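Shown next, in C-alpha cells, is the structure this report addresses.
Only the coordinates and a few stated rules stand behind these numbers; no lab work does. Source: prediction; values computed, not measured. Note that each Cβ is placed from the backbone with ideal geometry, even for glycine, and that neighbours are counted across all protein chains shown.
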Amino acid sequence: MKFAIIGCGYVFDHYMSTVKTHPWLELAGVADIDAGRLKRATEFYGLHAYASVEELLADPEMAVVANFTSIEAHFAALEAGKHVYSEKPLVMEMAEARELMAFAAERGLHLSSAPSNALGPTSQTMWKAVRDGAVGDVRLVYAEFDDNPIYLTSPEGWRSRSGAPWPYLHEYEVGWEHAGYHLAWMCAIFGPVRSVTAFSKVTVPDKTDRPLHPADTPDFSVACLDFESGVTGRLTCSIAAPYDHRMRIIGNAGMVHADTYRHYHCPVMIEPFTKLNLNARKSRSVRTMSWLGWLFGVGGRRVPLAVAPPLGGMEVIGLEAKPWHPKALIRRWKRSELGQQDKMVGIVGLCDAVAIGRTPFPGPDFTLHLTELTLAIQAAGQEGASHRLQTRFDPLELPARTAAAGPDYARYARPGWLARKAEGLLDRMHRH
C-alpha cells in the first residue's frame, strides 16, 4: 500500500528511521511548503518530492496521508478522499476534534493519530502481564514524563538527521501534547477515564528569551485519573526536572514496570511483593546498590518481551539486515541506551486497517477521549480543576497477536527461593 507524508520537519526523521522495517508499505513521496527543507529531506533519503500538497493529494495511487503539519491539512486530505494519520497534536481545541471526526465519518474515512507507543512490545508486554494476573488486582498506575530541563541543553541548536531544526518554541507554546504518550498505553490497558483532577503551571518562565504565543503555556502538570475500571492513575509531566519516563503498574500482589515508554523494546520487569523485598526497600543500601536490590528481589526480574509480527506481516522483523556487523552492534547498543521509537507502527496500523476493513488503533472514540483528557490536564491551571469526561470508548481487548507472542507472565510472579525461605523467619522476628 502506498502512503505519503505532508511535512518533513524534525519529527519526520523519527518516522524515517524505521520505515524500511515495514516492507509491505511504500512511501510514495513527501510535500512541504518550505522548498529548501523539502529538497534537503528528499535528497537525504532518496524520496520523491511532490511539487505541492495539492499534487500529493491528487495522486490517485496513494490512499493514506501522514500529516505532520497543520490541522488545516487534515481537512484538505479528508476532502481529497484520503485516510489520515496525524502526528500529535491532533487539534488544539475539543470542538475541532469533534468536527474532524465527524468530517471523516461522513466520508467513510479513517482519521488516526499518534502516539503509537501503546503498540510497541514494551507496552504490549505490560498489558499481557496485567491480563495474566502477574501483579494481582491492579490498584495504581504511576507514569512520569519529566523530560529534563531542556532549556539548559541548547535546544535551539538541535538538528535531525536530515538537518531539520527542533521546533523548540512550538514545543514550549503547545506543552500538553506529551501527556498523550503515557495516556495512550494507560487507556489501552485500563479503559476510559471517568474523571481527572489536575494542576498545571508555568514553572520555568525564563526558559527562552524569545516571545512565546501564548506566554503562559504550562510546562508542568500533574493529573490524578479515576478509571471506570476502578484503577487509579497519576501522571506527572514537566521540562523542569531531570529525565524520568518510568511506567509502573502496581497491583495488590506485585508490580510490573519499565524504565521508559520511549524505547519500544525497553526491558519489562515483574516484581512479586514479598515480606523480604518490601522490608528490604527500607534500607538505603538496598535502594542504592543494584546488587543488593537483586539479592533481595527489589525491582523484580526481567521477563521476555511479547514481540509479535507487525500488522500486515507474518514474521517478526529485525531492525538490522546484518545484525553482527560492527555498525549494527553499535546501533543496537545505542538503541538499548537511548531508545528506539518505531513511530511507523501507527501508520502501518492505519494502512492495515484500510486494507482489511477494520478500525485502526487508536479509533475515533479512543482519540477523542485522549484529546479531551490532555486538554483538561493542560487547562487545569494553578487553582487546579476536576473534569468529568464527556467522551468514552469501549474497553479494548488485548490484541490476539500479543496474546500468542508472549508467555504466561503469571509464572514470573513466583517469589524467589530466598524470599520463600525468609517468609517464616520474618514472621517470627515480627512476633518477637
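For residue 20, project a label point 7 Å along Cα to C-beta. Then give me every residue of segment 337-357 with its amide nitrogen under 18 Å of that point.
Flagged as within label range: 340-345.
If r is the Cβ-Cβ distance from residue 137 to residue 356 and R0 is 25 Å, what FRET efficiency results, to the nearest 0.05? Present the calculation step by step, with values, prior to reporting the outcome.
Numbers: r = 36 Å, r/R0 = 1.42.
Rounded to the nearest 0.05, the efficiency is 0.10.
State, to one decimal in nm, how far the label point of residue 338 lies from the label point of residue 106, with both points 7 Å from Cα in the Cβ direction.
Using points 7 Å along Cα→Cβ, the separation is 4.5 nm.
In square nanometres, what is the average projected area of the Cα convex hull of segment 228-311? List each step's numbers first, then the result.
Details: hull surface 32.6 nm².
Orientation-averaged projected area of the Cα hull: 8.1 nm².
Order these peptides, 351-362, 46-57, by their mean beta-carbon neighbour count within 10 angstrom, highest first. Before the final figure, lay out the partial values.
Details: 351-362: 17.8, 46-57: 16.0.
Sorting 351-362, 46-57 by mean packing, highest first, produces 351-362, 46-57.
By the scheme Lys and Arg +1, Asp and Glu -1, what is the net charge of all other residues having a beta-carbon under 13 Å from that of residue 343? Don't skip to the end; give the middle numbers.
Values: positive: 88, 262; negative: 13, 87, 342.
So the environment of residue 343 carries a net charge of -1.
Treating the beta-carbon of each Lys and Arg as +1 and of each Asp and Glu as -1, no other charges, what is the dipole magnitude of the chain about its Cα centre, to the nearest 20 debye? Each step should come with its number before you reach the end.
On the way: 46 positive and 47 negative charges, 541 e Å.
The calculated dipole for the chain is roughly 2600 debye.
Return the subset of 128/282; 39/327; 82/343; 88/343; 88/334; 2/343 for which the Cα-Cα distance in this structure is over 23 Å, preserving the input order.
Numbers: 128/282 30 Å; 39/327 28 Å; 82/343 20 Å; 88/343 12 Å; 88/334 26 Å; 2/343 17 Å.
Check vs 23 Å cut-off fails for 128/282; 39/327; 88/334.
Find out how many positive minus negative residues lie around residue 151, taking Lys and Arg as positive, Asp and Glu as negative, among other residues whose Cβ is under 13 Å from that of residue 151.
On the way: positive: 207, 210; negative: 147, 156, 171, 206, 209, 219.
After counting each charged neighbour, the total is -4.
With springs only between Cα atoms under 10 Å, which of 246, 139, 411 fluctuates most in a Gaussian network model of the chain?
411
By how many nm would the segment from residue 61 to residue 294 lengthen if fully extended, with 0.36 nm per residue of separation less the alpha-carbon distance? Present the calculation step by step, with values, prior to reporting the outcome.
Numbers: separation 233, 0.36 × 233 = 83.88 nm, distance 5.54 nm.
Computed gain between residue 61 and residue 294 is 78.3 nm.
Restricting to DSSP H runs of at least four residues, report the calculated mean residue ellipticity at 222 nm for the chain, -39500 (n - 2.57) per run over all residues, nearest 500 deg cm²/dmol.
Calculated at 222 nm, the ellipticity per residue is -10500 deg cm²/dmol.
Taking a ≥ b ≥ c as the square roots of the eigenvalues of the Cα gyration tensor of segment 61-202, is the shape rounded (a/c under 1.5), prolate (a/b larger than b/c) or oblate?
Judged from the Cα gyration tensor, segment 61-202 comes out oblate (a/c at least 1.5, b/c at or above a/b).
Where does the Debye-calculated log10 I(q)/I(0) of segment 2-113 sit at q = 0.12 Å⁻¹, using only Cα point scatterers of equal weight, no solvent?
Taking Cα atoms of segment 2-113 as identical point scatterers yields -0.39.
Rounded to the nearest 10 degrees, what's the angle between the helix 179-190 long axis and the longest principal axis of the chain, both from Cα atoms, 0 to 90?
The angle comes out at about 60 degrees.
Relative to the longest principal axis of the C-alpha atoms of the chain, give the angle of the C-alpha long axis of helix 364-379, reported between 0 and 90° and rounded to the nearest 10°.
That helix lies at roughly 80 degrees to the long axis.
What does the charge count near residue 229 come to, summing +1 for each Lys or Arg and -1 for each Asp or Glu among other residues with Cβ under 13 Å from its Cβ?
Cβ neighbours under 13 Å give a net charge of 0.
Mind ordering 330-343, 169-182, 14-27, 283-296 by average Cβ neighbours within 10 Å, highest first?
Highest to lowest by the protection proxy: 169-182, 14-27, 330-343, 283-296.
Assuming 0.36 nm per residue, please report the length gained on full extension of the stretch residue 156 to residue 213 beyond their Cα-Cα distance.
Numbers: separation 57, 0.36 × 57 = 20.52 nm, distance 1.71 nm.
Length gained between residue 156 and residue 213: 18.8 nm.
Quick one: length gained pulling residue 329 to residue 33 fully straight, 0.36 nm per residue minus the C-alpha distance? Can you show the working numbers first?
Working: separation 296, 0.36 × 296 = 106.56 nm, distance 3.78 nm.
That works out to 102.8 nm of additional length.
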